[in-house]
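Below you'll find the structure, written out as structure tokens, and then a few comments.
Read the figures in this text as sums done on the coordinates, not as results from a lab. As the structure is a prediction and not an experimental result, all values here were calculated from the model. Neighbour counts are summed over all protein chains in view; Cβ atoms, including those assigned to glycine, are modelled from backbone coordinates with ideal geometry.
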Amino acid sequence: MTEKSTYASTRRPRPINPPQLHHATFMTLDVDAMVRWYELVAGLQPVFYSEGAAWLTNDAANHRIALLRLPGTKVPVDKPHTAGLHHTAFEYADFDQWLDNYVRLRGEGIVPALNLHHGMTMSMYYVDPDGNGVEIQVDVWGDWLKSKEWMWASQEFAADQLGAQFDPDLLVEARAQGLSVDEIQKRTYAREYLPAEENTVNLPDVWPARLQEQPELTEGVLEGSSGTLPNR
């Protein structure tokens, strides 16, 4: 007997008009530090800003990142090895914009902790002041339909979902030498631009160093702190 489809027993297994991913919200101990970092790294600016909360956007949406400094918020312990959100991601339209942004941030002293050519995207993973991962990527295929098809059908992705690590400075050098974007992408995936030392996929824990600089953060956000959202 042929097994019936899910529609035979479940009338509405999914919405006919699915919602689109709109924003991510983070609890934080320092709204201002996070606002400044996200503006510098990804061009997000606050639509609303206060000591206790901020809503940031870099497009037509009213916000893409929300930051909440809620009473009772505590310092995370061993954040890179706990279950939960690994990173949020932002995408550039083309390779040159993506690599130019790396050069800009490098000049500000902000460098990625991990760089991977996944096959469908080339991705640099940064870490924000609270230790959250932030991926800055460019689509290798320049077309979401093509990259989606490659991800679904390719033997390469089935065998290795992480792909090749790379040193962004070597990509900058290759571009300066006149190599085409297509050539750089192929050589990167072929592991010709590996870093001197490959990194773990667990992003670094920023909190030990941050607590040395700001020991007052060990208390977290105290109940009744000013500047937080009002109770409703």
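Calculate the length of the line joining the C-alpha centroid of region 1-53 to that of region 97-137, in whole Å.
20
Would you list which lysines come within 25 Å of residue 186, measuring only between C-alpha atoms, while excluding same-chain residues fewer than 8 positions from it?
Within the straight-line limit of under 25 Å, residue 186 reaches these lysines: 146, 148.
What length, rounded to one decimal in nm, is gained on full extension from residue 10 through to residue 149, with 0.36 nm per residue of separation minus their alpha-carbon distance?
Difference between extended and current length: 47.2 nm.
Determine the dipole magnitude for the chain: charges of +1 sit on the beta-carbon of Lys and Arg, -1 on that of Asp and Glu, nothing else is charged, the reference point is the Cα centre, and the result goes in debye to the nearest 20.
Using Cβ point charges on Lys, Arg, Asp and Glu, the chain gives about 1100 debye.
Can you list the HN-Hα couplings for region 152-162, worked out from phi with the Karplus curve (6.51, -1.76, 1.60; θ = phi - 60°), rounded to whole Hz and with x for Gly and Pro?
Coupling constants for region 152-162: 6, 9, 6, 5, 4, 6, 4, 7, 8, 7, 7 Hz.
Relative contact order (percent) for region 1-91, with alpha-carbon contacts under 8 angstrom and 6 or more residues of separation?
Result for region 1-91 is 25 percent.
How high is the relative contact order of region 87-202? Use alpha-carbon pairs under 8 Å, at least six apart in sequence, and give a whole percent.
The value is 27 percent.
What does the C-alpha gyration tensor say about the overall shape of region 87-202? Classify as rounded when a/c is under 1.5, otherwise prolate if a/b is larger than b/c, or oblate.
Because its axes are fairly even, with a/c under 1.5, region 87-202 counts as rounded.
First measure r as the distance between the Cβ atoms of residue 172 and residue 60, then evaluate 1/(1 + (r/R0)^6) with R0 = 35 Å and state the FRET efficiency to the nearest 0.05.
0.65
Identify, among 204, 133, 185, the residue whose Cα sits farthest towards the positive end of the charge dipole of the chain, taking +1 on the Cβ of Lys and Arg and -1 on the Cβ of Asp and Glu, with the dipole about the Cα centre.
Checking the options against the dipole of the chain, the answer is 133.
With labels modelled as points extended 7 Å from the Cα through the Cβ direction, what inter-label distance (nm, one decimal) is found for residue 25 paired with residue 103?
4.0
Let me make sure I get this right: for the chain, a, b and c are the square roots of the gyration tensor eigenvalues over alpha carbons, sorted descending. Under 1.5 in a/c it's rounded, otherwise prolate if a/b > b/c, else oblate. Which is it?
Oblate.
So who's got an amide H within less than 5 Å of the one on residue 135, skipping anything under 5 residues away but keeping other chains? H placed 1.01 Å off N, in plane.
88, 89, 90, 126
Can you tell me how much longer the chain between residue 161 and residue 86 gets when fully stretched, taken as 0.36 nm per residue apart minus their C-alpha distance, in nm with one decimal?
25.4 nm
Whole-Hz Karplus ³J(HN,Hα) for region 200-210, in order, using 6.51 cos²θ - 1.76 cosθ + 1.60 and θ = phi - 60°, x for Gly and Pro?
Values per residue, Gly and Pro as x: 6, 7, 7, 5, x, 8, 7, 6, x, 5, 5 Hz.
In terms of modelled amide H atoms, which long-range or inter-chain residues lie less than 5 Å from the amide H of residue 114?
125
Just want to confirm a number: the relative contact order over the chain, from Cα pairs under 8 angstrom separated by 6+ residues, in percent.
21 percent.
Which of 155, 214, 20 moves the most in a Gaussian network model of the chain with Cα springs under 10 Å?
20
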